[in-house]
Amino acid sequence: MSSSANSGATRTMHWDRANGALVPSTGDVATRNHGRFIKGPIPLDWVLMAANLPGQSLTVGITIWYLAGLTKCQSVRISNEALAPFGVKRDAKRRALRELESAGLITVSWGSASSPIATIIVKPPVTPSTHA
């Protein structure tokens, strides 16, 4: 096995503002501590619903929130490259997006050849009626 084989290695990714995409980090960018985080707040009910869905649904859902925080937009393109650092394969991505959409957590716009675009749905909290 050659020393350059990194089939199981996790790639470090960063947001490239010029390209508007998540790209593999290289050189000093890969070694800097970005203090990366998922921008919230993320409603706990949303997370709990995603956690109870099958397969990689929660991982894909959290990735959608991560990308939404990077782009400052509720609608994000979900590429295979964006999910690769999380260990999500193409078929698992498709199944998870369908599960999240069926649960009412996202809507998905499926392109014929491009990556799907997911839009986060945040339902307003249900408040008790004040009518007597």
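The values are calculated or read from the model by the stated rules, or taken from the named source; none is laboratory data. Only a predicted model underlies this, so the values are computations on that prediction, with no experimental measurement involved. Glycine also receives a Cβ, built like all others from the backbone with ideal geometry; neighbour counts cover every protein chain displayed.
For the range 49-102, give me the residue count where each residue is without any contact (Cβ under 8 Å) to a residue 40 or more places away in the chain, buried (at least 19 other Cβ atoms within 10 Å of the Cβ) and part of a helix (DSSP H, G or I).
Here the count works out to 6.
Please go through the range 24-60 and pick out each residue that is over 22 Å from ALA92 (Cβ atoms), modelled with pLDDT under 85 and aliphatic (A, V, I, L, M).
VAL29, ALA30
Among the residues in the range 44-53, are any within 13 Å of the chain's Cα centre (by Cα) and over 20 Å from VAL23 (Cα atoms)?
Scanning the range 44-53, I find at least one residue that is within 13 Å of the chain's Cα centre (by Cα) and over 20 Å from VAL23 (Cα atoms), so the answer is yes.
Do you know which residues across the range 34-48 are free of Cβ contacts under 8 Å to residues at least 24 places away in the same chain and either in contact with a Pro (Cβ under 6 Å, 6 or more places away or on another chain) or among the β-branched types (Val, Ile, Thr) (or both)?
The answer is ILE42, VAL47.
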